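The values are calculated or read from the model by the stated rules, or taken from the named source; none is laboratory data. Everything numeric here is computed off the predicted structure, so don't read it as measured data. Cβ placement follows ideal geometry from the backbone for every residue including glycine, while neighbour counts extend to all protein chains displayed. Heavy atoms of the whole protein, side chains included, go into the accessibility calculation; ligands, DNA and RNA do not. Shrake-Rupley method; radii C 1.70, N 1.55, O 1.52, S 1.80 Å.
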Amino acid sequence: MRYPDIPTAPRIALRRARVPLCLIESVPSTATWEQDAEGAALVDILIDQGRLAALSPSGQPGDPARDGGFVDVDLAGRQVWPMFLDCHAHLDKTQILPRASNPDGSFSGAREGSMADRLRHWSRADIEKRMDFALRCAAHHGVAAIRTHLDSHAEQAETTWEVFQDLREKWRGRITLQAVALAGADIYATPFGERLLDLVGEAGGIVGAFLRLPDGETRMPDDIDESLDQLFERAARRGLDVDLHVDETGNAASRMLERIARSALRTGFPGRIVCGHCCSLALQDARQVQETLELCAAAHVGIITLPTANLYLQDRRTGATPRWRGVTLVREMLAAGLTVAVGGDNVRDPFFPYGDHDMLDTLRQAVRILHLDHPIADAPRLSGPNAARLMGGLDLGSLRPGSAARLILFNARSLNEMMSRPQSDRLVLDRGRISAAPLPDYAELDALIPGRSASAPKENAP
Ligand SMILES: [Zn+2]
């Protein structure tokens, strides 16, 4: 099945596009959608000067495009989605394979490999080259916004945040970038922590930390509540949001998520709170789970699941096959009313050695790993509207009349067809124009790998 020609015209009417209804916002109350078994409907999408002028059920009377000078394109039921958001990435670590390997695929191996690489290689030029490469991958796959965590150690933070701000400017209008300072929770109580908060505040960033009980330990630290209260109070004083790496472990005694929610309620934190991973919750007893989810709902804690890295790192033991999938309780969280999104997390680094900043690939894996099917109708929310809600303030992730027409067309008529092939031939139709962002060549990265000849082709401008 080949795509019909998409004209370069100021007014385009995409006829018979199949759109999951969970990706349509502000649907006219008069519209009558004929949903299919996967919760999608045939929609006519009118694009006027790069904006979504109207969305209406296909083939119904009262066509708003009649006599409007729109050029018709019949999509014959192909899926059309808003461009993706990746609400949790690590663009400072991306692409450091193969110079930074993880010898046994373990969490500790990942931390050590990544730290050694940072100390040795993370110059301004190195970070910029890899981040820009990642952004071009993401643009090619139809990603319109990324929130990245940035390792923010004393000797690294300033360099990395400078590069981030330069690239945020360079990519403005194509990929919206947000950044989170990733550090130990106790760092904010130190003199460097104050400097880091200044840096984050000046860059319009988000306060982050990693919080997990190490393997083998059974008791939560005595000072954890005080430490969390201080983190929330410091962030609140500066009007910053918080985005944390939480319980990324198979140690069921790691109950940071519950402590975070209690601290947020205790301190009356006014900003947005997002917690990523939350793996160990899946290993706790039903009463503990229910209590934690109720606290998260009360504290408006949003959750990001990172199934690719979890599947790779959790329950990894040398010579043994994993017995659990490593992911958190997404179904239960959604049922408890929490906003849950899916993020891409690490790409080609010691925490996850695969990936290409393609959120469709991440969503496809999430559907399979987390059983987001039967029914599948709401699964697309996790990489669209839910991610937008957790990132805050972005007019992305849903189709809404009046917003910029930032769309992806797929050569698939159903969600099943979408999820069964990689959709490498998708068309990114950004503000009425087919995006020609090419996939960058891995050879471009050769110059960053010691001992590899720098035979990279000239870099394509994004
Ligand atoms: Zn992460």
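Just for the range 226-359, what percent of DSSP beta bridges are antiparallel, to the closest 5? For the range 226-359, the DSSP antiparallel bridge percentage is about 10. Packing here is the average count of other Cβ atoms within 10 Å per residue, and on that basis the peptides 143-152, 112-121, highest first, run 143-152, 112-121. The accessible area of Leu240, taken with all protein chains in place and a 1.4 Å probe, comes to roughly 20 Å². All C-alpha pair distances within the range 232-335, sorted into 5 Å bins from zero, spread as 2, 13, 23, 23, 16, 11, 7, 3, 1, 0 percent across the bins. Bridges between two residues of the chain, per DSSP, are antiparallel at a rate of about 40%.
In whole percents, the pair-distance distribution calculated for the range 173-256 from its alpha-carbon pairs, binned every 10 Å from zero, is 17, 46, 26, 10, 1. Within the accessible area of the range 331-462, what % is carbon and sulfur when the probe is 1.4 Å and the other protein chains stay in place? Here carbon and sulfur together make up 50 percent of the probe-accessible area.
In the distance distribution for the range 266-318, Cα-Cα pairs more than 17 Å apart total 49 percent. Here the peptides 396-409, 417-430 are ranked by packing, the mean other Cβ count within 10 Å, and the order with the highest first is 396-409, 417-430. Computed from the Cβ-Cβ distance with R0 of 30 Å, the FRET efficiency linking Ser26 to Ala76 stands at 0.70.
Per-residue 3J(HN,Hα) values for the range 315-327, derived from phi via the Karplus relation 6.51 cos²θ - 1.76 cosθ + 1.60 with θ = phi - 60°, read 6, 8, 9, 4, x, 10, 8, x, 10, 9, 7, x, 9 Hz in sequence order (x marks Gly and Pro).
Model label sites at Arg111 and Arg124, defined 7 Å from Cα along the beta-carbon direction, differ in position by 3.1 nm. Between Ile434 and Glu217, the FRET efficiency from the beta-carbon distance, with R0 = 45 Å, is close to 0.25.
The residues packed around Asp74, meaning those with a beta-carbon under 15 Å from its beta-carbon, carry a net charge of +2 if Lys and Arg are +1 and Asp and Glu are -1.
Take the Cα of Ala447, step 7 Å toward its Cβ, do the same at Ser420, and the gap between the two points is 4.4 nm.
On average, how much accessible surface per residue is there in the chain, in Å², for a 1.4 Å probe, leaving out ligands, DNA and RNA?
Working: 19060 Å² over 462 residues.
I get 41 Å² per residue for this part.
Ellipticity at 222 nm from helices only: DSSP H runs of n ≥ 4 in the chain, each -39500 (n - 2.57), divided by the residue count, give -9000 deg cm²/dmol. Mind grabbing the base-10 log of I(q)/I(0) for the range 85-188 at q = 0.15, 0.19, 0.24 Å⁻¹? Debye formula, identical points on the C-alpha positions, no solvent, two decimal places. Once normalised to I(0) and log-transformed, intensities are -0.62, -0.98, -1.39. A convex hull fitted to the Cα coordinates of the range 292-393 yields 118 cubic angstrom per residue. For the chain, rounded, prolate or oblate, judged on the Cα gyration tensor with a ≥ b ≥ c (square roots of eigenvalues), a/c < 1.5 rounded, else prolate if a/b > b/c? Because a/c hits 1.5 or more and a/b exceeds b/c, the chain counts as prolate.
Shown here for the range 144-217: GluC sites (Glu not before Pro) in loop regions (DSSP other than H, G, I, E, B) with at most 16 other Cβ atoms within 10 Å, namely Glu155, Glu217.
Of the residues Val180, Leu197, His153, the one whose Cα sits farthest toward the positive end of the charge dipole of the range 119-204, with +1 on the Cβ of Lys and Arg and -1 on the Cβ of Asp and Glu, is Val180.
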